[in-house]
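What follows draws every value from the coordinates through simple rules; no lab data is involved. Being a predicted model, the structure only gives us computed values, none of them experimental. Glycine gets a Cβ as well: all are built from the backbone with ideal geometry, and neighbour counts include every protein chain shown.
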Amino acid sequence: MAFMVEATQEATSMGMILDSPHARILARGLELCSKPPVLNGLTLEDHRIAEILPLAVQHKTQLIVLLLDENSVSPAGMEEKLALAIQLRQIALEAGMEPDDLIFDPLLPNLSWHDAHLRVSEAVKTVRMLASGAIFQEPVRTIIGLSNLRSGLKKYYSSHLEQVCLAMFAGAELEWVLADALDDELVQTWRLINQISRSRGS
């Protein structure tokens, strides 16, 4: 599992992420990149399918697939999330994307949501199903925005909660995490998880 730096311009082996719901902004960013970045991202919304997906195909980038419906709503349950993943993957492949260039994000809630804990649990199950190969007969790549959980709420929740969630998603074979690299305790947790994973040959 790789740790991505949140809110910086740093690149990792995954590549730089360009994040915008507006295709014109992503197109401008693509002009400035010396290497193909990762675009964030595709949803079931018409304008993203019509405008952002072609950019990813044209520039041969990786593409984050956000499990959001046509109204930009993230379903709470695993089954609905997986149905979206199947639909969006088919749309992307028909447009010319390669399967390995798709990275699925089940979308974590903010802890202010009334059903936040249920949604976290369902997101973990969604990652496990996608990463195991149970849905597409082969493992697919996954990512989460861990910092979504405490956004605007850091005075009320400690980073220990993010550490617990990180371990849960690592156990589900999550590949990438967007998180605060300045949180020393969280980074130490990530390093320990990777150390244990390497020692057992994962």
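Here is how the numbers come out for the structure above:
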| quantity | calculated |
| --- | --- |
| Reach of residue 125 by Cα under 15 Å, taken over aspartates and glutamates that are not fewer than 8 positions away in the same chain | 79, 80, 105, 173, 175 |
| Fully extended contour minus Cα-Cα distance, from residue 94 to residue 184, at 0.36 nm per residue | 28.1 nm |
| DSSP loop trypsin sites (Lys or Arg not before Pro) with at most 11 other Cβ within 10 Å excluded, longest remaining stretch of the chain | 61-154 |
